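Q: Okay, handing you the structure first.
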Amino acid sequence: MENKYWLSDSDFNFIYNKVPRLNVDLVIRKEGGIVLVQRAIEPCLGYWHLPGGTVYKNETIKDASIRIAKNETGLDVDFIKCLSYIEFLNEDRKHINMHTISLAVEVLAIGGDLLHDKNAKDIKIVFNENNVTPTVNEHLQFFKQQNIFNN
């Protein structure tokens, strides 16, 4: 999907300094594990996390999930379901204090090649929450609360 709603840094800062940002975080099921990426940028530089990103205006959660999976992991996915939500309060990002609300969505990898984008240093399939450290705290708590690795 073409991004006709891309925001400049100043627009991003202006908008998300005032209202929460809606994201999707993807629990991508592949080969019995889930896909995690290691951040190459702030916030949480060097930490492992679920692939995810902003939902655009007039974009469905399903379409956002498919777009983000392809862009961030190289994988084609089938949407399964929305699992829960993850809140990131007081997220220091782009020189503002943001509040991000992320819908945690389960998807199944059905094709493509596992490759990370420029915002990540590494990507891998993980089989339990102890396989990668450090992990973004909100994601680690989500894994435990939702029993993600035992489904």
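Q: Please verify whether the stretch 101-111 includes one or more residues that are more than 15 Å from Glu72 (Cβ to Cβ), of a type in the set (Ser, Thr, Tyr) and at pLDDT 95 or above.
A: Within the stretch 101-111 (the criterion being more than 15 Å from Glu72 (Cβ to Cβ), of a type in the set (Ser, Thr, Tyr) and at pLDDT 95 or above), the answer is no, since none of the residues qualifies.
Q: If you take the residues of the stretch 56-79 that are surrounded by fewer than 21 Cβ atoms within 10 Å (Cβ to Cβ) and of a type in the set (D, E, K, R), which of them is farthest from Phe143 (Cα to Cα)?
A: Once the filter is applied, the top-ranked residue is Lys57.
Q: Then there is this: Would it be correct to say that Thr135 is modelled with pLDDT under 95, closer than 16 Å to Val37 by Cα and under 16 Å from the mean Cα position of the chain (by Cα)?
A: Answer is yes for this residue.
Q: Determine whether Ala104 is surrounded by 13 or more Cβ atoms within 10 Å (Cβ to Cβ), touching a residue at least 24 places away in the same chain (Cβ under 8 Å), in contact with a Leu (Cβ under 9 Å, 6 or more places away or on another chain) and among the hydrophobic types (A, V, I, L, M, F, W, C).
A: Yes; evaluated as a whole, the condition is true for this residue.
Q: Counting only residues that are over 20 Å from Ile125 (Cβ atoms) and hydrophobic (A, V, I, L, M, F, W, C), how many does the stretch 18-43 have? Show your work before the answer.
A: Of all residues in the stretch 18-43, those over 20 Å from Ile125 (Cβ atoms) come to 18-23, 41-43.
Next, from what is left, pick out any that are hydrophobic (A, V, I, L, M, F, W, C): 19, 22, 41.
Looking only at that region, the number is 3.
Q: Right, next: Might you let me know whether the stretch 40-55 holds any residue that is of a type in the set (S, T, N, Q), surrounded by fewer than 19 Cβ atoms within 10 Å (Cβ to Cβ), outside any loop (DSSP other than H, G, I, E, B) and in contact (Cβ under 8 Å) with a residue 12 or more places away in the chain?
A: no
Q: Taking the condition of being without any contact (Cβ under 8 Å) to a residue 60 or more places away in the chain, assigned to a loop (DSSP other than H, G, I, E, B) and surrounded by fewer than 19 Cβ atoms within 10 Å (Cβ to Cβ), how many residues in the stretch 118-147 meet it?
A: Residues flagged as without any contact (Cβ under 8 Å) to a residue 60 or more places away in the chain, assigned to a loop (DSSP other than H, G, I, E, B) and surrounded by fewer than 19 Cβ atoms within 10 Å (Cβ to Cβ) within the stretch 118-147 amount to 4.
The values are calculated or read from the model by the stated rules, or taken from the named source; none is laboratory data. Every value quoted in this text rests on a predicted model; they were computed, and no experiment measured them. Ideal geometry is used to build each Cβ from the backbone, glycine not excepted, and the neighbour counts take in all protein chains shown.
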